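Chemist: I'd like to ask you about the structure that follows.
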Amino acid sequence: MEVHHHSHTARKKWTHYFWEFLMLFLAVFCGFLAENQREHYIEKIRAKQYARSLISDLKKDTTMINVIIRQIKSNIARTDSLAVFLKNKPIDQIRNIDLVTLSTELYRHYTWNRATLEQIKNSGGLRYFSNDSIIVRITSYDAFTRHMDEDYKGDEVRAHRAVEKRNQIVDHNYPRQFIISLLENRDSLIKTDYFNEMAKNGPRLLTSSINDIKIFLNEKLSIRQHFSTRGESELPELIKDAEELILSLKKEFHLK
């Protein structure tokens, strides 16, 4: 009778399973580290792209702000000239043409370059900036520009009110090119025979009351006070904030 012997597989030691588990764990862990490192690298690239684009937007903003500051200063100068011209002057010495040349009302509206900033905010891109001071500067600049938008709404209301007062006392029925020349090159135009002819035979004031003109001047002086705050304080401060943010971004991301 044949006797069959069963073969037995040698049992693996616990250390074998331990090393298998350890190798599997290390493979998963290294994969996690590699993926985390890859995401971190992508975030750094995105942050640099955002920084470069944001710098471009900020430069455009500062150019726009400087134009508006010049407009505001010109408007303030016109109001000051109007106040000096009207001081203690009787109505019969005030010409319609003098008020036309001195009554420009409002500066251009703000056209902020917010495309990059909105993209950063909507995509949660602020998390890509590891420097907290840069995040603070970005959010502060955004808040400041929105504050200026609200200020503009107030200036617009005051300017429209002044325009209504002006339209009650000043006749604007001059040739279009004449008005354009007055606004662009007044000092040269007032020395011409053309100007003198318009002053002599052109439209006359719509009022005979000096009080109507004084009310208009008061509106202008109120606007001047607000414009002075914009042009001498708020907007220069906003330019400073933009320039400091640009320098911080360039330094942080090694941009030229």
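The values are calculated or read from the model by the stated rules, or taken from the named source; none is laboratory data. Fair warning: this is a prediction, and the values are worked out from it, not measured in the lab. All Cβ positions, even for glycine, are placed from backbone atoms using ideal geometry, and neighbour counts span all protein chains on display.
Chemist: Would you confirm whether any residue within the stretch 77-93 is at pLDDT 90 or above, in contact with a Gly (Cβ under 9 Å, 6 or more places away or on another chain) and not in a helix (DSSP H, G or I)?
Modeler: no
Chemist: Could you check, for the stretch 240-254, whether at least one of its residues is at pLDDT below 90, touching a helix residue (DSSP H, G or I) at 6+ places or on another chain (Cβ under 9 Å) and loosely packed, with under 14 Cβ neighbours inside 10 Å?
Modeler: Yes, some residue in the stretch 240-254 is at pLDDT below 90, touching a helix residue (DSSP H, G or I) at 6+ places or on another chain (Cβ under 9 Å) and loosely packed, with under 14 Cβ neighbours inside 10 Å.
Chemist: Is it true that F144 is among the hydrophobic types (A, V, I, L, M, F, W, C) and either modelled with pLDDT of 90 or more or buried (at least 18 other Cβ atoms within 10 Å of the Cβ) (or both)?
Modeler: yes
Chemist: Are any of the residues in the stretch 137-144 in contact (Cβ under 8 Å) with a residue 12 or more places away in the chain, acidic (D, E) and within 27 Å of S53 (Cβ to Cβ)?
Modeler: Yes: the stretch 137-144 contains one or more residues that are in contact (Cβ under 8 Å) with a residue 12 or more places away in the chain, acidic (D, E) and within 27 Å of S53 (Cβ to Cβ).
Chemist: Taking the condition of being of a type in the set (F, W, Y) and over 17 Å from the mean Cα position of the chain (by Cα), how many residues in the stretch 127-145 meet it?
Modeler: 2
Chemist: Out of the residues in the stretch 107-126 that are touching a residue at least 12 places away in the same chain (Cβ under 8 Å) and more than 17 Å from the chain's Cα centre (by Cα), which is surrounded by the most Cβ atoms within 10 Å (Cβ to Cβ)?
Modeler: The extreme case among them is G125.
Chemist: What pairs come up if the first residue lies in the stretch 63-75 and is within 20 Å of A162 (Cβ to Cβ), the second is polar (S, T, N, Q), and their beta carbons are under 6 Å apart, counting only those six or more places apart or on different chains?
Modeler: Close Cβ pairs satisfying both conditions: N75/T104.
Chemist: Select the helices (runs of 4 or more DSSP H) contained entirely in the stretch 174-256, then report the ones holding at least 3 residues which are free of Cβ contacts under 8 Å to residues at least 60 places away in the same chain, under 30 Å from L58 (Cβ atoms) and of a type outside the set (V, I, T).
Modeler: Here the list reads 235-253.
Chemist: Also: Which one of L182, L205 is among the hydrophobic types (A, V, I, L, M, F, W, C), modelled with pLDDT of 90 or more and closer than 20 Å to I94 by Cβ? Lay out the reasoning, then the answer.
Modeler: On the way: L182 fails: modelled with pLDDT of 90 or more.
Unique residue meeting the criteria: L205.
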